[in-house]
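The values are calculated or read from the model by the stated rules, or taken from the named source; none is laboratory data. This is a predicted model, so every value here is computed, not measured. Glycine gets a Cβ as well: all are built from the backbone with ideal geometry, and neighbour counts include every protein chain shown.
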Amino acid sequence: MNVKQQITSAGITFTLAISVGYSDNIKPFEQCLIQQINLSTEIQTIAELKAICKKLAPTRTITAPSQQRNKSTLLMAFKPNYILPTTYNSLGYDASIYSQQFDNPTLNLNDYEAHFQTSIKLPLSKNLFNHNLEYFAAYTNRSFWQVYNDSISAPFRETNHEPELWIQRNVTLAHASFNTSTQILGISHQSNGRGGLLSRSWNRVYVQLSLERQTLSLALKTWIRINEKSKDDDNPDITNYLGHGEFHVNIKSDDHVFSVMSRNNLESGFTKGAVEFGWSFPVGKRNDLKGYIQVFSGYGESLISYNNRVKRIGIGVIISN
């Protein structure tokens, strides 16, 4: 560095060091900049050093904004929140189990129905055990509504409830292709809240690893089912269809977000897996509401039909990405 650059870098280092001294949480960008200045060569400029650390500066990412992550009492969106007023399943829905439950041999289900999902999470604790761990609770509701089936008074065909708890650790990646890594250990209960022949439920312990940068996020989730007594198990073969893991990819391009979910395909030899594709796109001038198309093919669309294959497309709006 020349004399002017040396003076400038020294001034920046001193200023950042003072700010660190009065802050319990040094920002990753500032920490990186201090390190790069101390390690820089004579031919590197301050602008070049800033460029190296730029990816650690706060940016709007695919998942929850950083300002939300730092609020320990804020109720936040968890999984995507969407409404699909019209969906179509080309393979149709099996009505036989409903006919048995309600003793109605003429009961039929419509191939067209409405779907919606609401999902929220609440941070319960930050810096748990003084080990940079966060503790969360969440609830997700997925509903399948036979709104166009007037012959049986347009009932809800299925509603799945999933409360869960997990411990989460966020790691900043200073010298990698991704900005952050999230490691999760959790437990979830999923059921449809029904009795008799229509009852479905299972409990899982899961581990999830996520990698994220501004326009791309990857998540691998694996789980182990908590076994139940055989007399209480409504779906003993559910892991044959939902497997022990799933993989998610989210890609952001301008105002469009493309998502892909793959579940139980490798484990089942591509015979009992599932793939879901989602595309959210701008509608009008609103940033908080986007158009949404979802395509699903495979098993495990809902608990009641976990062992029935579904090929479905739906269109609607997504409230939170």
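Quick notes
- Counting only residues that are surrounded by fewer than 18 Cβ atoms within 10 Å (Cβ to Cβ) and part of a strand (DSSP E or B), segment 219-244 holds 4 of them.
- In segment 270-287, the condition of being more than 23 Å from Ser119 (Cα to Cα), part of a strand (DSSP E or B) and in the same structural domain as Leu216 (by TED's automatic domain parsing) is met by no residue.
- Any pair with Cβ under 7 angstrom, 6 or more apart, that starts in segment 96-119 at a residue that is in contact (Cβ under 8 Å) with a residue 40 or more places away in the chain and more than 20 Å from Asn160 (Cβ to Cβ) and ends at one that is hydroxyl-bearing (Ser, Thr, Tyr) and loosely packed, with under 14 Cβ neighbours inside 10 Å: Asn108/Ser151
- Close pairs from segment 162-176: first assigned to a loop (DSSP other than H, G, I, E, B), partner among the β-branched types (Val, Ile, Thr), Cβ under 7 Å, at least 6 apart: Leu173/Thr180
- Hits in segment 201-232 - residues which are modelled with pLDDT of 95 or more and more than 17 Å from the chain's Cα centre (by Cα): Ser201, Trp202, Asn203, Ile224, Arg225, Ile226
- Of the residues making up segment 245-261, those that are among the polar types (S, T, N, Q) and crowded, with 18+ Cβ neighbours inside 10 Å number 2.
- Of the residues Glu162, Glu212, Glu134, the single one that is surrounded by 15 or more Cβ atoms within 10 Å (Cβ to Cβ), of a type in the set (D, E, K, R) and within 30 Å of Leu107 (Cα to Cα) is Glu162.
- The sole residue among Tyr299, Tyr306 that is in contact with a helix residue (DSSP H, G or I) (Cβ under 9 Å, 6 or more places away or on another chain), farther than 24 Å from Leu218 by Cβ, in the same structural domain as Gln208 (by TED's automatic domain parsing) and not acidic (Asp, Glu) is Tyr306.
- Selection count, segment 101-149, where residues are touching a Phe, Trp or Tyr at 6+ places or on another chain (Cβ under 7 Å), part of a loop (DSSP other than H, G, I, E, B) and at pLDDT below 90: 0
- Top-ranked residue in segment 271-303 [being among the basic types (Lys, Arg) and crowded, with 17+ Cβ neighbours inside 10 Å; ranked as nearest to Leu242 (Cα to Cα)]: Lys272
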